[in-house]
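Just below is one structure, and these are the notes that go with it.
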Amino acid sequence: MAKVSKKAPTDTKALSAAVEALARVGLHEHQKVRFRREGGGRWIEGAAVALEVDGSLGLRDTRGRRRSIPIDDVEVACRGPRGGRIWVPLIDVAATTEQLGLF
């Protein structure tokens, strides 16, 4: 029996729109992020995939599961002043990357 593989459709407009939406909040595709479940607990790492319609962040965790997490509960991996990895809330990253117009 032949092995059948299914590939996701490659709609370039949809993919570019997802990348642009991530850029608006200061992320790029597959950037390392982490989140906690409600009520605390341990941090779960993942990779940013898209910005959802409701404003939450779509990501994939380390097991490959797709999740939709509110932006308030997400932290982004960044480089600290000495080059080490630090975690910054996504709200702060989104606020600092927005470029305002001059006029």
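Quick notes
- Applying a threshold of 8 Å to beta carbon distances and a minimum spacing of six or more residues, or different chains, the list of pairs starting in the range 11-30 at a residue that is farther than 21 Å from D61 by Cα and ending at one that is among the aliphatic types (A, V, I, L, M) and modelled with pLDDT of 80 or more reads R24/L51.
- Filter result (buried (at least 17 other Cβ atoms within 10 Å of the Cβ) and either among the polar types (S, T, N, Q) or modelled with pLDDT under 85 (or both)) within the range 22-54: L22, V25, G26, Q31
- Subset of the range 33-61 (residues that are in contact with a helix residue (DSSP H, G or I) (Cβ under 7 Å, 6 or more places away or on another chain), outside any strand (DSSP E or B) and of a type outside the set (D, E, K, R)): G55, S56
- Among the candidates A77, A48, the residue that is in contact with an Asp or Glu (Cβ under 7 Å, 6 or more places away or on another chain), within 16 Å of L27 (Cα to Cα), in contact (Cβ under 8 Å) with a residue 12 or more places away in the chain and not acidic (D, E) is uniquely A48.
The values are calculated or read from the model by the stated rules, or taken from the named source; none is laboratory data. Fair warning: this is a prediction, and the values are worked out from it, not measured in the lab. FYI the Cβ positions are ideal-geometry reconstructions off the backbone, even for glycines, and counts take in every protein chain you see.
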